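The next block holds one structure in the form of structure tokens; read it before the comments.
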Amino acid sequence: MSDQASRLRDLVEEMAEEEAQSKRVGELSFGLSENTRVIAITSGKGGVGKTNLAVNLAVALQLSGKKVMVIDADIGMANVNILMGSVTNRSLIELLDDDVQLEDVIVDGAAGVKYISGVAGVEAALNLNRTEQRRLHRKLGRCSEMADVIIIDTGAGLNRNVIEFVLAVEEVLLITTPEPTALADAYAVIKAYSTYTERRNIKLVVNRIRDEEICYEVTEKINQTTKKFLGLTIDYLGYIYEDKAVLEAVQNQEPFVLSKPDSPAARCIVEIANGLLSGEKMNSVSRGWRGFLDRLFGY
């Protein structure tokens, strides 16, 4: 009789947990230590430089003395390993195998940054049963023992998987470009995010700008809309200049912070990293002679 009562209690607790889970968003936990910062990098659309930001920011933070890990959660477009210049066949979902430990799926990338590939695995990870989720949760919990900062490279857009990851973290970097379509998609992300949480922890990064003033203009445009329809404002963290060094680094499969450390884009990333560590907006970054010529001739 006692065993039956015990099993009944377990069943009730399990059902309550399942019901609570269905009402929550953001179940996966990658860092359990209070000292580990977990940052999601997301975007409203693809092609705006999200993964480049994730990888190069991770390298910049690593070079500043932090231990950094990147988890590639970009479903269907997992390419952190490509920008790291390495290859792996292991993925997050393999942690469900009892014989696979966390160390087995972690890869050493550029500048000592560790990463876990999203090779066709993260989507399945968000649709696991409770036993499988607990196993994944237990193994991933040890990530906080290996990193001071964990960066989650999410997918682009508004599908359920992206929202899960964005809402699960304490800090979100939303990257956009100045194009009207990119701004509209960025606003859509902010709107979806504000629907599910009252936290105000999104910061904006504006990519591919030719002049620093464009960053302020983009931020103002977004905030005019968010204040009017959502009643909130979004702070900007920084900007990244349009820079051919970025394209060259992608073609060579290496982070431009390492291959072209003196380039305008790399110096922007370093300033963004410093801003994250200090809690301040990035300092101005000069584009030097090229910037002078662009302004002089109207480019």
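Since every read-out is calculated from the coordinates, none of them should be taken as a lab result. None of the values given here were measured: they were computed from a predicted structure. When we count neighbours, we look across all protein chains shown, and the Cβ atoms used for this are built from the backbone with ideal geometry, even at glycine.
What list of ³J(HN,Hα) couplings, whole Hz, do you get for region 104-111 from phi and the Karplus terms 6.51, -1.76, 1.60, once you set θ to phi - 60° and write x for glycine and proline?
Per-residue couplings from phi come out as 6, 9, 8, 10, 7, x, 4, 6 Hz.
Considering only Cα-Cα distances, which of the following residue pairs are longer than 31 Å: Lys114/Lys203; Lys139/Lys281; Lys139/Lys244; Lys67/Lys191; Lys67/Lys260?
With Cα atoms farther than 31 Å apart: Lys139/Lys281; Lys139/Lys244; Lys67/Lys191.
Using only the Cα atoms, what convex hull volume per residue in Å³ does region 29-296 have?
It comes to 119 Å³ per residue, whole-number rounded.
For labels at Arg130 and Glu217 in the simple 7 Å Cα→Cβ model, what's the distance in nm?
5.5 nm
Give me the extension gain from Ala111 to Ala184: residue separation times 0.36 nm, minus the current Cα-Cα distance, reported in nm with one decimal.
Between Ala111 and Ala184, full extension yields 22.7 nm more.
Which FRET efficiency, nearest 0.05, do Lys244 and Asn274 yield, Cβ-Cβ r, R0 30 Å?
E(calc), rounded to 0.05, equals 0.80.
Taking 7 Å along the Cα-to-C-beta vector as the label spot, tell me the Arg142-Asn252 distance in nanometres, rounded to one decimal.
3.6 nm
Quick check: pseudo-label points 7 Å beyond the Cα along Cα→Cβ at Phe229 and Asn159, how many nm apart are they?
2.4 nm
To the nearest 0.05, what FRET efficiency results for Val87 and Asn35 with a Förster distance of 41 Å applied to their C-beta separation?
According to the calculation, E is roughly 0.80.
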